[in-house]
Amino acid sequence: MRHAPLLAAATLAVAVAASAQGPTQEADDDACRREVVELHRFLERWSNAELPADDEAFARFDRAIAPGFTLVSPSGEMSEREAIVAAVRRAHGRWLPEGGRIEVRNYRFHAASGDLVVCSYEEWHHLPRGRNGRLSSAVLTADPAAPGGLAWLHLSEVWLEAPSPAGSP
């Protein structure tokens, strides 16, 4: 299994972290939550071409993705940093002309240990052709050069089914 070392690292980070959330963990929680929301806000604005397609605007994303970053997509494919950064760069305006929105729900801080923080959240894309959701688990690392002081080290996503409309079986 190609993901085993990364999953083991995330599991180790959770296991090593203290179970009680003290002042330092509250600060880690706040910083992590803020980074999750702000990165997804960037992705929404980038996909809707609300930001210019230039290096200055894109730097927010590029600086937030750590060297060695990996993404496990909902379909189980693993991608490295360079491929993800290039794909996001090419995705400028992909939701035009209709536009779309990203909603982060059910954020949960799991642990902090050393320079690592572990969290999970739901990411819902609301698009004219429908919506889709994924449950995301992320490992971020302290990085003073990254926006908000945290850089994304690993992200693993699984598909979520959209809830049925009220009254549907």
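For the pair residue 34 and residue 49, the difference between a 0.36 nm per residue extended length and the Cα-Cα distance amounts to 3.2 nm. In this calculation the C-beta distance from residue 115 to residue 75 is compared with R0 = 30 Å, giving a FRET efficiency of 0.50. The dipole here belongs to the stretch 41-156: it is taken about the Cα centre, uses +1 on the Cβ of Lys and Arg and -1 on the Cβ of Asp and Glu, and is about 380 debye. Could you work out, for the stretch 77-140, what percent of all Cα-Cα pairs fall into each 10 Å distance bin, beginning at 0 Å and stopping at the bin that holds the largest distance? With 10 Å bins starting at 0, P(r) equals 17, 35, 39, 8, 1. Show log10 I(q)/I(0) for the stretch 38-169 at q = 0.10 Å⁻¹, two decimals, from a solvent-free Debye sum over equal Cα scatterers. Debye output, listed in q order: -0.34. The mean accessible area for residues of the stretch 19-169, using a 1.4 Å probe and ignoring ligands and nucleic acids, is 52 Å² per residue. Split the accessible area of the stretch 72-169 by element, probe 1.4 Å, and carbon with sulfur accounts for 51%. Taking 7 Å steps out from each Cα toward its Cβ at residue 126 and residue 107 produces label points 1.8 nm apart.
The values are calculated or read from the model by the stated rules, or taken from the named source; none is laboratory data. These numbers were taken from a predicted model, which means no experiment stands behind them. As a convention, Cβ positions derive from the backbone with ideal geometry for all residues, glycine included, and neighbour counts pool all protein chains shown. Ligands, DNA and RNA are stripped out before the accessible areas are found, and what is left, the full protein with its side chains, is counted by its heavy atoms. Shrake-Rupley method; radii C 1.70, N 1.55, O 1.52, S 1.80 Å.
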